[in-house]
Structures are given as structure tokens and as C-alpha cells.
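Below is one structure, written out as C-alpha cells; comments come after it.
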Amino acid sequence: MAAQPARDAPLVAAVDAGTTGARAVAFDLQGRQVAEARQPYRISSPRPGWAEQDAHDWAESAAAALRGLAGRAARAGRIRAIGLTGQCPSMVPVDEHCVPLRPGMLYRDNRAVAEAGEMRARIGDKPMHQLTGHVAEAFHVGPKVLWLRRHEPGIFARASLILQPRDVVLHRLTGLASTDETHANATLFFNLRERAWDATLLAAFGVDPALFPPVLRPWEIAAELPRSTADELGLDAGVPVVIGAADSQCAAFGAGVAGPGPVSEMAGASSCLNSAVPEPLPDLRVTHYGHVVPDCYCTELGVNTTGAAISWAVKALGYATYGELSADAQRCRRRLQRGGAGLVAAADAVDAAPLFLPYLGDGERDDPSARAGFIGLSDRHSRPELAFAVIEGVALGVRAVLQILAEAGSPAAELRVGGGGARLDLSGQIKADLLGRPVLHLDLDPAGFGAAMLAAAAAGMAEEAGEAARAVRRRARRFLPSRWGGQFELQRAAWFDQVRLDAAVHSPRELA
């Protein structure tokens, strides 16, 4: 059989309305990224604890990125399907024409702490977790909806729908207003097991069910690309647009997390950690979504500012590039290792470098009082020790989350990391030492790849999508635990755990 000309080779694309910008990426059916286009947008913080974006940027930046991708991918083949994903849970109220009525509120926006507390008090943590897979936090869409009704009643009265960033992009591309099950899970008004809007929860808070869009399964084709949009973007009309899922669930799928054992880390500005379970876990600390794999659930825990902490350190410590920071941190660790032959004493591990708490976002999804900081700083320490502490602190934050997942009944046999965090080899080695488990660094963004492979499967290329995913895992860089690193990092982890406990006891909320 004759080989297909390159321009006719099938490609699948993903559009990701992320935290720091919109991204469009194309993959071939061997699991290789062939083209990418990005359009950044800003996060604004008009008050402490608030995080907003212009929701018009979600739509227009996504369209611009897809337009750029179409031109760059043309030499490699033809885009045959498009999958969508995005940051979640972030939200914006829109009018009857799906025009945003105010800036969007991001997942890391903690203004709705009081409303989350009211939801917990009215329903109860355990009943809400059983119904939705979540315990209410300011992180979720539901408390933000209640905040909007209380503090901006004029805007709330004009709202026709509450949409999330991926939903805004879907409407921009197709004119359709819909969401999928994973985004619906994050509202706190969607029944996890029944996979439907929960009339009892909506009624309990006086929320009109019409405020939320119809729900599709993540693997469904939402619409075909209209001729007008196709012409605008330089794509073929009629290309299937698959609804996709929240970014972390797409990342789990892209990393091959479809059953117990592996855990994925979507390591971007924030980190989401996901495992697959046959039934929801009863531990209230663990949130759950319907998986993009049928008849399966996806756990989720996370850290709000992992990649964001690395970015902050590059600027705050005066590095020109991420590579410079990483190289300094790597030299620091090698120096510590050369000086620490044999067993590592706890005092030596503490003195080696300051500890860094990576909670830079004015609160965490499960603790609005969490704050970042260097602990144990001395005039013996210089920039390399601080660089090492930041990379290590991010890894320690991830380990703390994985401990919760293990205690809940879903231990990680292997951690599969994708996104910007997978470009830091030191991070992979520290995580392997902390976990005592292999860590894989994937060579692509698993959220975009997962969304694209969902689209491929929906467009009749399921077998090819499965082989592409296996090829990605075969190419991954693999980090294994080391003897010295395990001793050193576990001593540091004990210190980290104690500092976090002390910080929780003496938090600003407690002192207030």
C-alpha cells in the first residue's frame, strides 16, 4: 500500500484554554507533536485572594491559537478532529448571546470562602461528597455562583448561563453552549454517580437548573466545525469538534491512567494529581470526577502554584531562564551529595538548604489560609540553595498530596508527569527519591495529548490513538529512587510536614 503524502496524513488537534494562555497543538497518530501555537493572557488580582481573567481572551486567544496551528501543521498533514480542554473549575456568567458579563473567576480565586462554608453547613461534608465526589471549597464553581448572587445581584440577574473556559471556546468555535461531565462535576450541583444535574442540591440553594448548560459525555462529538469558522481559521469545514474534558482528566487519559497503579501529574502553572478508581473513595479529602474512560472514576488532588512557583523564583532570584535556575539547583544538590557520604543525619539535612513552602496563590484549594515562604534561611545560604529549595518545595508539595491519596486507598505505583514540570530533571529525581517509586517524564503535554486522542477515538481512530499513547510512555524519561537521595529527602520531608502542621495551627485565620 502506497504511503500517504505528508499533506494528507491524518492529524488530530487539541485546544486548551489554560491558566496562562490558550494553546493549540497537533499530533500525528504515532503520538508525536507536530505543531503548536500559543496565545498568552493575563491573570489579574484586584484584591488579595482574587484571581480573574477576561473571558473574551479565553475565546479569542483560543481561536487565534487554532488559526496559527492550522498554518504550522499544514505541511505535516490534515487536521481530522479537534478535542477541547481547559482549566477547571473557573467560571464566567454570560448573557443570552453567551457574551461575558464580568471577568471570569479562576479556580484559584478564594473570594467565596463564606459561601463554601454555607454549602458545607447546609448539606454536610459527607453527604455532599457522596453525591458529588467533592467537599465544597471556594475553589469550586458553586460557591462562586452563590457569591455572585450575593455580591453582584445585577449581574447575576442578567446571567443566562454559567460557563467554564472550555465551554466558552466551544461556543466560539461552533456556536453551541454545552459542557461535559467533568466540568459539571466541579460545580457541586452535578450528581457523580447518576451523571446528571442534581435537582435536590440545586433546590437547596435556590439555583435555577437552567443556569447550567446541557451535559455531554467527554468522548462525544459536540458539533462539526461550521464553514464560517473553518474559513476564518484555515481548517476544513465539517471537522468533528469533540467536547473533551477538564484539563486534568484529559492529562490522566493522555498519561495512560485508566486503572489502578499509575498516577498522573499535570504539571503546569498548577499541578493536578489523578488516579483511576472503579468506585469513588470515601475519604473526604479526595475529590472525584467521572473519568473520560467509561465506567470509571478519576480522583483528584492538587497544588495551586507549582510551575507558578518556579516561574516566580526565576524572576525573584534574578535568573535569565528556567535553565539557569535548574542548573544552579542541580549544582547545589550535587554539592550536598558529595558532602554527605553514608547516612544523612537529620540536622545535616535541615542545615543543607532552606525549606520552601510552594503556596504562592494566597491559599490552596483545600486551605485558603496556606501561604508560601522560606523556612530555615541563613546567611550561609545563597542563590543556588534558594533555587534548589524552590524546586524541592514543589516536589514536597506533590508528595504531601500523594500521601493523602495513598491513605485514601489509591497509592501511586508510578508517577507520570507531563507539562512544563516534566522539563526539570532534578524535579523528577527528587520526586522519585521522596516517593520511593519510579517517576516518568513525558515528552509532551498530556492534557492536550489526551484531548486530541479523545478526538481521534471519537472520529473513528481509536486503535491508532491507543498505540500513540503507548508510544508516548515508551519514550518517557524514567527516574528511579536513589539511596542517598531517599535518605536526604525523607529527612527534609519530615521537616516539611512539621512546618506545614505548625503553619496550619498558627495560620492567619486561626490568629484572627
**Request:** Return the distance in nm (one decimal) between the two label points of a simple spin-label model at ALA406 and ALA471, each offset 7 Å from Cα along Cα→Cβ.
**Result:** 3.5
**Asked** What aspartates and glutamates sit close enough to LYS126 to cross-link, taking a C-alpha to C-alpha distance under 13 Å and skipping anything fewer than 8 places away on the same chain?
**Response** ASP283
**Complete:** With 0.36 nm assigned to each residue of separation and the Cα-Cα distance removed, ILE221 to ARG122 gains 31.9 nm
**Asked** Given labels modelled 7 Å from the Cα in the Cβ direction, how far is it in nm from SER378 to HIS151?
**Response** 4.4
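Once a ≥ b ≥ c are taken as the square roots of the eigenvalues of the Cα gyration tensor of the range 224-312, is the result rounded (a/c under 1.5), prolate (a/b larger than b/c) or oblate (a/b not larger than b/c)? Working shown, then result.
On the way: a/c = 3.05, a/b = 1.55, b/c = 1.97.
The shape class here is oblate.
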**Fill in**
Carbon and sulfur atoms account, in whole percent of the 1.4 Å probe accessible area of the chain, for 52
**Message:** Which of rounded, prolate or oblate describes the chain when judged by the alpha-carbon gyration tensor and an a/c cut-off of 1.5?
**Reply:** oblate
**Centre separation in Å (Cα based) which lies between the range 87-145 and the range 455-476** = 34
**Request:** Can you tell me the dipole magnitude for the chain around its Cα centre, using point charges on the Cβ only (Lys, Arg +1; Asp, Glu -1), in Debye to the nearest 20?
**Result:** 1200
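Please list 445-452, 219-226 highest first by mean number of surrounding beta-carbon atoms within 10 Å per residue.
445-452, 219-226
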**Prompt:** Can you give the accessible area per residue of the range 91-211, in Å², using a 1.4 Å probe?
**Reply:** 33
**Request:** Between beta-carbons, use under 10 Å as the cut-off and find the net charge around ALA230, counting Lys and Arg +1, Asp and Glu -1.
**Result:** -3
**Item:** Förster radius 45 Å - calculated FRET efficiency between ARG338 and ILE43 (Cβ-Cβ, nearest 0.05)
**Value:** 0.65
**Complete:** Descending packing, highest mean Cβ count within 10 Å first, for 408-415, 197-204 is 408-415, 197-204
**Per-pair calculated FRET efficiency, R0 = 41 Å: ALA114 and TRP495 via Cβ, rounded to 0.05** = 0.75
**Request:** Give the peptides 293-305, 78-90, 148-160, 132-144 in descending order of average Cβ contacts within 10 Å, highest first.
**Result:** 78-90, 132-144, 293-305, 148-160
**Fill in**
Gyration tensor on Cα atoms of the range 105-200, a ≥ b ≥ c root eigenvalues, a/c under 1.5 rounded, else prolate if a/b beats b/c, else oblate, says oblate
**Request:** Assuming R0 = 41 Å, can you tell me the calculated FRET efficiency for the pair ALA210 and ARG67, based on Cβ-Cβ distance, to the nearest 0.05?
**Result:** 0.80
**Message:** I'd like to verify something in the chain: which complete DSSP H helices, judged by Cα projection on the helix axis, reach 18 Å or more and average at least 1.6 on the Kyte-Doolittle scale?
**Reply:** none
**Fill in**
Relative contact order as a percentage, the chain, C-alpha pairs under 8 Å and 6+ apart, gives 16
**Asked** Do the sum for the chain: with -39,500 (n - 2.57) for every DSSP H run of n ≥ 4, divided by all residues, what is the mean residue ellipticity at 222 nm, to the nearest 500 deg cm²/dmol?
**Response** -13000 deg cm²/dmol
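The values are calculated or read from the model by the stated rules, or taken from the named source; none is laboratory data. All of these numbers come straight from a predicted model, not from anything done at the bench. Methodologically, a virtual Cβ is constructed for each residue, glycine included, from the backbone with ideal geometry; neighbour enumeration extends over all protein chains shown. Each accessible area value is taken on the protein alone, full model and side chains, heavy atoms only, with ligands, DNA and RNA left out. Shrake-Rupley method; radii C 1.70, N 1.55, O 1.52, S 1.80 Å.
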